Amino acid sequence: MKVIAFSGSPRKNGNTDLLLQEAVKGVESSGLSVKIFRLNCMNIKPCQNCGGCDETGECIFKDDMEEIYREIRTADRIILASPIFFFSLSAQSKIMIDRCQSFWCEKYLLKKPLPPGPYGRKGLLLLVGGMKKEIGIQCAEATAKAFFRTVSVPEHTTLSYLGIDAKGAILEHPAALKEAFKAGEKLLV
């Protein structure tokens with residue numbers, strides 16, 4: 001089983017990364033490894049809405065998304081971890097998701113969805129935000145749901161934590177790290 005993860009946080013070892021690390025430990029406890037993409041460190045051009053992928057399902061721009069495309073195609077499990085900024089996913093997360101327009105074209109225009117593979121495809125969404133309003137989670141999750149659906153991940157679990165702002169504050173949450181670890185374990189079932 002192949003598991004990949006996207007860290008959409010610009011803050012290394014911040015709350016989002018700490019939560020993701022625990023989910024990854026949960027996956028790794030079964031003996032599997034996880035390939036982690038730190039989106040903030042990657043060279044990814046924003047989607048240009050140029051229509052270049054309309055007829056082929058392949059993006060015409062060549063950058064670090066090429067590796068992400070390959071990995072998404074063959075992944076059985078996908079983890080997306082993002083802080084919530086202004087009621088949405090981080091720009092780092094969103095730029096990667098927007099570039100998955102090529103998968104959207106492949107699936108909906110060309111009628112060639114990604115195959116489910118031998119284990120099916122499942123996702124895990126990890127969200128951390130400083131605000132305390134649920135709307136941030138709802139908006140971010142709507143975008144993530146569209147991403148998962150586009151890359152043929154029919155089901156995902158969401159863990160979200162609000163009121164977590166200062167770097168490392170997630171460590172003070174009574175259950176977040178344990179819940180992330182368990183979600184990583186459960187993702188494989």
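At-a-glance table
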{"read-out": "Cα coordinate range in the stretch 31-92, projected on the principal axes (Å, largest first)", "value": "38, 34, 18"}
{"read-out": "Amide H partners (placed H, <5 Å) of residue 90, local residues excluded", "value": "85"}
{"read-out": "Per-residue ³J(HN,Hα) for the stretch 133-148, Karplus 6.51 cos²θ - 1.76 cosθ + 1.60, θ = phi - 60°, Hz, x for Gly and Pro", "value": "8, 4, 4, x, 5, 4, 5, 5, 5, 4, 5, 5, 4, 5, 4, 4"}
{"read-out": "Beta bridges by DSSP in the stretch 1-137, antiparallel share as percent, to the nearest 5", "value": "10 percent"}
{"read-out": "Dipole magnitude of the stretch 58-166, debye to nearest 20 (Cβ charges: Lys/Arg +1, Asp/Glu -1, about Cα centre)", "value": "340 debye"}
{"read-out": "Loop trypsin sites (Lys or Arg not before Pro), the stretch 104-135, which have at most 10 other Cβ atoms in a 10 Å radius of their Cβ (DSSP)", "value": "111, 132"}
{"read-out": "Cut-off of 10 Å, at most 15 other beta carbons, DSSP loop: longest stretch of the chain lacking such GluC sites (Glu not before Pro)", "value": "59-133"}
{"read-out": "Where the stretch 61-134 is the region considered: accessible area per residue in Å², 1.4 Å probe", "value": "46 Å²"}
{"read-out": "Value of [θ]222 nm, deg cm²/dmol, for the chain, DSSP H segments ≥ 4, -39500 (n - 2.57) each, nearest 500", "value": "-10000 deg cm²/dmol"}
{"read-out": "Ratio Rg/Rh, restricted to the stretch 1-121 and using Cα atoms, in which Rh is the Kirkwood radius", "value": "0.98"}
{"read-out": "From phi via Karplus (6.51, -1.76, 1.60), per-residue ³J(HN,Hα) for the stretch 3-18 in Hz, x at Gly/Pro", "value": "10, 10, 9, 10, 9, x, 8, x, 9, 5, 6, x, 4, 5, 5, 4"}
{"read-out": "Carbon + sulfur, % of accessible area of the stretch 116-184 - ligands and nucleic acids excluded, 1.4 Å", "value": "55 percent"}
{"read-out": "Inter-centroid distance (Cα atoms) of the stretch 145-162 relative to the stretch 66-133, Å", "value": "7 Å"}
{"read-out": "Selection from 168, 144, 154, by position along the positive dipole direction of the stretch 134-178 (Cβ)", "value": "154"}
{"read-out": "Coordinate range along principal axes, alpha carbons of the stretch 146-189, Å, largest first", "value": "35, 22, 12"}
{"read-out": "Interchain or long-range residues, amide H under 5 Å from residue 156's placed H", "value": "123"}
{"read-out": "Size of charge dipole - the stretch 131-189 - debye, nearest 20, with Cβ of Lys, Arg +1 and Asp, Glu -1, no other charges", "value": "60 debye"}
{"read-out": "Kirkwood-based Rg to Rh ratio, the stretch 34-189, C-alpha trace", "value": "0.97"}
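The values are calculated or read from the model by the stated rules, or taken from the named source; none is laboratory data. Keep in mind it's a predicted model, so treat the numbers as computed, not measured. Methodologically, a virtual Cβ is constructed for each residue, glycine included, from the backbone with ideal geometry; neighbour enumeration extends over all protein chains shown. Note: accessible area is taken over every heavy atom of the protein model, side chains too, but ligands, DNA and RNA are not part of it. Shrake-Rupley method; radii C 1.70, N 1.55, O 1.52, S 1.80 Å.
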